[in-house]
Amino acid sequence: EVQLVESGGGLVQPGRSLRLSCTGSGFTFSDSGLSWVRQAPGKGLEWVGFIRNKAYGGTTEYAASAKGRFTISRDDSESIAYLQMNSLKTEDTALYYCIRTSLYNYGSRSYYTLDYWGQGTLVTVSS
Amino acid sequence: DIQMTQSPSSLSASVGDRVTVTCRTSQTVSSYLNWYQQKPGKAPNLLIYAASNLQTGVPSRFSGSGFGTDFTLTISSLQPEDFATYYCQQTYSTVFTFGPGTKVDIK
C-alpha cells in the first residue's frame, strides 16, 4: 500500500524556519516525483513545488510564493523528501501535503498526476 | 503563471442529479488537466487525469472532457458520497496551478 507521512509541522514565529519531512513507503520512492501542496484553513489548494526523480535530473520547480524561500530536496536512500521553509510569514499558515507525483502515459504523451496524498502536517506561523 | 477559474464556485444538488463543473485556463494547457475530489477533513483524491481519463477505482459516473482552455467535470448521477469540493489542476507548465474549487453540497 502506498503511504506518505508528513511530519515536522508546528507553531513557529514569523521570520523563522521550519523543515517538513515526507516519508514514503509501499512504492519505489526513487522512481517517483514528489510535490508539496498547502491548504490554508478554510481555503483551496495551493501548489507549492515539486521535485523530479533522479532519472529526470532531480530538479525542482516552485510556485512564485515559494521561490527563494522554500527548498525541496530528497534522500532516496531513506525514502524521505523535505520542504525547507525559511523566512516564514503568517500567510504560510496551512496544512502541508506531500504527494507522490507520477507520470501517466496516455497516447503518445506523459502526464504528471498527483496520485497519492499524505494526510498533511499543520504549520502555524504566529507570534 | 497559468491562471485557473472554476464555475460555479458552489452548487446545491440532489442525489441523482447530473452535475457539471467547468474549469477554464488563461492559456492553452492542451490536455494536461487533472481533477481532484476533496471531502471535509480529508486529503484530496485524484479523479481524472489528462482531461478525460478516469483514475483506477473511480466510479464511472465521473467523466471529464475538454481540450485547450475549457474543461468539464461531469457527475452523471450524484451519489451521497459525492458531496465534496472539486479542484482542477493544470500540469502543462512547470508550475502546477490549481483552480479555486467548486463545492457541491446537498440541496
Quick one: which strands (runs of 3 or more DSSP E) lie wholly within segment B:1-78 and hold at least 1 residues that are among the aromatic types (F, W, Y) and surrounded by fewer than 17 Cβ atoms within 10 Å (Cβ to Cβ)? B:62-67
Residue pairs meeting the criteria (Cβ under 6 Å; at least 6 apart or on separate chains; first facing chain A (nearest Cβ under 7 Å), in segment B:43-58; second β-branched (V, I, T) and buried (at least 17 other Cβ atoms within 10 Å of the Cβ)): B:L46/A:T113; B:Y49/A:T113
Name every residue in segment A:70-111 that is more than 14 Å from chain B (Cβ to nearest Cβ), farther than 23 Å from A:S25 by Cβ, under 14 Å from the mean Cα position of the chain (by Cα) and not polar (S, T, N, Q), in order of residue number. A:M85, A:D92
Flagged in segment A:86-123 as of a type in the set (S, T, N, Q), free of Cβ contacts under 8 Å to residues at least 24 places away in the same chain and assigned to a strand (DSSP E or B), in numbering order, are A:N105, A:S110, A:T113
Selection within segment A:68-100 - surrounded by fewer than 16 Cβ atoms within 10 Å (Cβ to Cβ) and within 22 Å of A:P41 (Cα to Cα): A:R69, A:Q84, A:N86, A:S87, A:K89, A:T90, A:E91
So if I check each of A:P41, A:P14, which one is closer than 20 Å to B:G41 by Cβ and out of contact with any Pro (no Cβ under 7 Å at 6 or more places or on another chain)? A:P41
Determine which member of the set B:F67, B:F71, B:F62, B:F98 is within 11 Å of chain A (Cβ to nearest Cβ) and at pLDDT 95 or above. B:F98
Quick check: anything in segment B:74-81 touching a residue at least 40 places away in the same chain (Cβ under 8 Å), out of contact with any Pro (no Cβ under 9 Å at 6 or more places or on another chain) and on the phi > 0 side of the Ramachandran plot? no
Which listed residue, of B:V21, B:V15, B:V29, is touching a helix residue (DSSP H, G or I) at 6+ places or on another chain (Cβ under 8 Å) and among the hydrophobic types (A, V, I, L, M, F, W, C): B:V15
Which number in (1) among the polar types (S, T, N, Q); (2) within 18 Å of A:T113 (Cα to Cα); (3) without any contact (Cβ under 8 Å) to a residue 24 or more places away in the chain marks the one condition that B:T91 misses? (3)
Checked segment A:96-127 for anything more than 19 Å from A:I51 (Cα to Cα) and touching a Pro at 6+ places or on another chain (Cβ under 8 Å); matches are A:V125, A:S126, A:S127
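The values are calculated or read from the model by the stated rules, or taken from the named source; none is laboratory data. Predicted, not measured: the structure shown is a model, and the values here were computed from it. Glycine gets a Cβ as well: all are built from the backbone with ideal geometry, and neighbour counts include every protein chain shown.
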